[in-house]
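The values are calculated or read from the model by the stated rules, or taken from the named source; none is laboratory data. What you see is a predicted model; the values in this text were computed from it and never measured. Because the Cβ atoms are built from the backbone with ideal geometry, glycine has one as well, and the counts that use them run over all protein chains shown.
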Ligand code: KMT
Ligand code: NI
């Protein structure tokens, strides 16, 4: 399944794993309690995959597009990567399916600790509206890719018309944040 761990607090390169010593893994169950859900799919057949179709239908993910995160394909690459790594939340769920390459999503747990989630090809993840999170490329150098360097291709899914607006921390007074924090009390 998905691999996740609590992060150290070093300010070193964001693309490094930032594992604690000893390693402190985080289980799928712990992620579920934060409202984070995961599916593993076959990304080689994403265009015709009945499993993906079923998830989209069941969850109402009517919208989808594909973002290719590479300095030659993504306009304002450096600027976007910088904003992806700013701690933020959204008013809606963030749903991402890694079609190629790999990357990290970091989410805050109830005690404000950062959990790093290693996303690889075939991982589909949903982050609940109101959770503080951020995104970064990892250190992988893709030698086979025509340009050496980091690369991630991801499908973005959304219920209805997409709204990508990010609210950088602090957004504690927003209704969606209060709603999310309240939703954690019950479990
Ligand atoms: C976000 O809002 O955190 C993102 O869109 C992350 C990059 S998409 C793979
Ligand atoms: Ni986001």
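For this structure, a couple of remarks:
- Candidates 135, 85, 158 - the one that is crowded, with 16+ Cβ neighbours inside 10 Å and in contact with a helix residue (DSSP H, G or I) (Cβ under 9 Å, 6 or more places away or on another chain): 135
- Any hit, segment 98-118, residues being surrounded by 15 or more Cβ atoms within 10 Å (Cβ to Cβ), within 11 Å of ligand 2 (Cβ to nearest atom) and over 9 Å from the mean Cα position of the chain (by Cα): no
- Identity of the residue in segment 154-171, assigned to a loop (DSSP other than H, G, I, E, B) and in contact with a strand residue (DSSP E or B) (Cβ under 6 Å, 6 or more places away or on another chain), that ends up nearest to residue 137 (Cα to Cα): 166
- Flag if residue 98 is in contact with a strand residue (DSSP E or B) (Cβ under 7 Å, 6 or more places away or on another chain) and at pLDDT 95 or above: yes
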